[in-house]
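Colleague: Dropping the structure in here first, questions after.
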Amino acid sequence: MRRNPWLSMIPISMGIFMAVLDMSILNVALPKIAQAFNATASDIQWILNAYLITFVVLLTTFGRIGDVYRRDLVYVAGIGLFTIGSFLCAQSWSLMALIFFRIVQAIGGAMMLSNSSASIAELFPPGKRGVAMGVQSILTVSSFALGPVIGGWVTTHLSWHWVFYINIPIGVAGVILGLLLLPPMGEKTREPLDIVGLVLIAIGLGSFTLAIIKGQDWGWDSQKTICCFLISFPFLFAFVMRELSYEHPLLDLKLFKIGNFSISILGLFFLSMGLSASLFLLPFFLEGVKGLTAEECGIWLLPLTLVNIFTSPIAGRLSDRVNPKYLMSVGPLIFSIGLLMLSGIPKNIEYHELAMIFMFLGSGMGFVMPVAMNVMITAVPEEKTGMAGGTFMTFNSLARAMGITFGSILFTKRMSEITGLENVIPSPMMFKMTELLALIGKPQAYELLVKAFMESFHHVFLGVEPLIITSFLIIILFLKGEQHLERIRSSALAPSS
């Protein structure tokens, strides 16, 4: 008897929510972790970096494994491994142990998120995936938004260990429900895993990701940064050559000949890069300039999530009925308007005023992300949906990492021109220290810091506009929306097996 696909979505949703929440909840706890292990800021960043590099490297691999073997079992195993990793992270006795257990978490996260879109594609037939893709988009955005709120509360009232313990009940329930509710999926083709390709992409993509996330700290002309890039390019080139000639590639590069697959990835890549470049600075503004706590900061950011929750399922559902080109192209335009509004906000902006701007940002994201995922997964052959989903997530994760780096460069360059401070994004503590000086009659440092921050802040929003416009142009000029609708109609007319 066929299971209700919405029941099967429950464990998939739990896995997505848990994995994405972990990426945002941890940032709030890092100062407490640094204090617990007496670690430097540079050392503590490896808790994030080790996860991201491992995650990006393994997405395509586990997507392919889901195609070849039982995708449902890979997904459930990913939930289980992530849960075990979370428990071990909470029990860590040293910083090195915590970094190692974060790698365990990242493996589990890659197993889940690389197969999430492909699982939805198997649960829902073409023409009915849009709403489910909207749910996936909602879970992703809401997890990022709720992370600071939950993280701020647990670190304030409990301890940093609870940013990991919180995953355990979700993970245990996810494993049980996954075994009960997920039907057999995957096994569309029986092929050996390309181990050589895995090694090549691991070294190439790992080195490239490391250079992107550490380049600004090391210096873009430093030996370490240049060395990482010099290692990455030959290995990535060798990976491409391997995949073009090997009979059973880890990543079938012929997928990129499918126009809607490539355009969906590329359009969302530039939007995600612009999104990350701009939005990562909002907590610095809210906690630094506005003086909010981490919990209050999360509450101020909630309107962005709430609007996305409303628009994503609607856009996803419409993408199965109307030309997705027009839905997707509306998103960057709305998001661009939101950025223009942010580029002029005053330091004393009120909650309701910022919430109105977030309506543009949230709806702009909602019109693109679920539609792009639906178009991408519908365009590829059924037996390669895991490979496609893993590739999609890899590019999206790289876009986020590159976006944060790009936003940091724009901000710190402008900050340096005004204050002379090199490579600095002012922390909330820096604002509090200069504010104390102002209270004792020395306001110059505080006034300069606020002025420099706000000018740099506005500069970033204007600086990322070309990325958003590029996303719009790629979608409106090259996406073949009619082709997507035709594939849905053809699938509806095909006899069910």
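Taken together, the values in this text are just the output of simple stated rules run on the coordinates, not laboratory data. In this text, all values refer to a predicted model and were calculated from it rather than measured experimentally. Heads up, the Cβs are rebuilt from the backbone with ideal geometry, glycines too, and the neighbour counts pull from every protein chain shown.
Colleague: Compute the convex hull volume of the Cα atoms of region 327-406, divide it by the residue count, and report the result per residue in Å³ as a whole number.
Modeller: 102 Å³
Colleague: Can you tell me the Rg and Dmax of region 194-249, counting just the alpha carbons, in angstroms?
Modeller: Every Cα atom of region 194-249 included, Rg and Dmax give 12.8, 41 Å.
Colleague: Check the straight Cα-Cα distances from K214 and name the aspartates and glutamates below 17 Å, setting aside those fewer than 8 residues away within the same chain.
Modeller: Those aspartates and glutamates meeting the cut-off are D43, E422.
Colleague: What is the distance in Å between the Cα centres of region 153-201 and region 429-483?
Modeller: Computed from Cα coordinates, the inter-centre distance equals 35 Å.
Colleague: Among D22, D221, D320, which comes first, second and so on when ranked by fewest other beta-carbon atoms within 10 Å?
Modeller: D221, D320, D22
Colleague: Is it possible to state the helix-based mean residue ellipticity at 222 nm for the chain, with each DSSP H run of 4+ residues giving -39500 (n - 2.57), the sum divided by total residues, to the nearest 500 deg cm²/dmol? What is it?
Modeller: -27000 deg cm²/dmol, from helical runs alone.
Colleague: Something else: For I345 and W153, compute 0.36 nm times the residue count separating them, minus their Cα-Cα distance, and round to one decimal in nm.
Modeller: This chain segment gains 66.3 nm when fully extended.
Colleague: Give me S94, S264, S343, S427 ranked fewest to most by other Cβ atoms within 10 Å of their Cβ, as a rough exposure proxy.
Modeller: Lowest count first: S94, S427, S343, S264.
Colleague: In nm, to one decimal, how far is the M241 label point from the Q91 one, both placed 7 Å along Cα→Cβ?
Modeller: Placing both labels 7 Å beyond Cα along the Cβ direction yields 4.6 nm.
Colleague: Quick one: what are the phi-derived ³J(HN,Hα) couplings along region 193-208, Karplus 6.51/-1.76/1.60 with θ = phi - 60°, whole Hz, x for glycine and proline?
Modeller: 3J(HN,Hα) across region 193-208, in whole Hz: 7, 7, 5, 4, x, 4, 5, 5, 6, 5, 6, x, 6, x, 5, 5.
Colleague: If only Cα atoms are counted, what is the Rg of region 1-105, and what is its Dmax, in Å?
Modeller: Computed over the Cα atoms of region 1-105, radius of gyration and Dmax are 16.0, 56 Å.
Colleague: For the pairs K347/K413; K224/K254; K290/K413, note any where the Cα-Cα span goes beyond 27 Å.
Modeller: K224/K254
Colleague: Only sites in a loop by DSSP and with at most 11 other Cβ atoms within 10 Å count here; which chymotrypsin sites (Phe, Trp or Tyr not before Pro) in region 57-98 make the cut?
Modeller: Answer in residue order: W93.
Colleague: Moving to a separate point now. Find the relative contact order for the chain and round it to a whole percent, using C-alpha pairs within less than 8 Å whose residues are 6+ positions apart.
Modeller: 23 percent
Colleague: Just name one of P184, V76, L146: the one whose Cα is farthest towards the positive end of the charge dipole of region 1-189 (beta-carbon charges, Lys/Arg +1, Asp/Glu -1).
Modeller: The Cα lying farthest towards the positive end belongs to P184.
Colleague: Which percent of Cα pairs goes in each bin when the distances of region 131-213 are cut into 10 angstrom slices starting at zero?
Modeller: Reading upward from the zero bin: 12, 20, 31, 32, 5, 0.
Colleague: With N set to the residue count of region 256-490, report its C-alpha Rg divided by 2.2 N^0.38 Å to two decimal places.
Modeller: 1.14
Colleague: Also, quick follow-up: What is the pair-distance distribution P(r) of region 229-296, computed from all Cα-Cα distances in 5 Å bins starting at 0, with each bin given as a whole percent?
Modeller: Using 5 Å bins, I get a P(r) of 3, 13, 12, 11, 16, 12, 8, 7, 8, 7, 3, 0 for region 229-296.
Colleague: OK, next. Please state the Cα pair-distance histogram of region 1-189 with 10 angstrom bins from zero: what percent is in each bin?
Modeller: In order of increasing distance, the bins hold 10, 37, 34, 15, 4, 0 percent.
Colleague: Please compute the Kirkwood hydrodynamic radius of region 284-382 from all pairs of different C-alpha atoms, in Å with one decimal.
Modeller: Answer for region 284-382: a Kirkwood hydrodynamic radius of 14.6 Å.
Colleague: Also: Semi-axes of the equivalent ellipsoid of region 173-286: what are they in whole Å, largest first, if each equals the square root of 5 times a C-alpha gyration tensor eigenvalue?
Modeller: 30, 25, 17
Colleague: Would you work out the relative contact order for region 155-235, in percent, from Cα pairs under 8 angstrom that are 6 or more residues apart?
Modeller: Result for region 155-235 is 25 percent.
Colleague: Using the Karplus equation 6.51 cos²θ - 1.76 cosθ + 1.60 (θ = phi - 60°), what ³J(HN,Hα) coupling, rounded to whole Hz, does each residue of region 288-293 give in order, writing x for Gly and Pro?
Modeller: x, 5, 7, x, 7, 7
Colleague: Past the 35 angstrom mark, what percentage of all C-alpha to C-alpha distances in the chain do you count?
Modeller: Across the chain, Cα pairs with separations above 35 Å total 31 percent.
Colleague: Starting with the fewest neighbours, write out H484, H157, H248 ranked by other beta-carbon atoms found within 10 Å of each beta-carbon.
Modeller: Ascending Cβ contact count within 10 Å gives the list H157, H248, H484.
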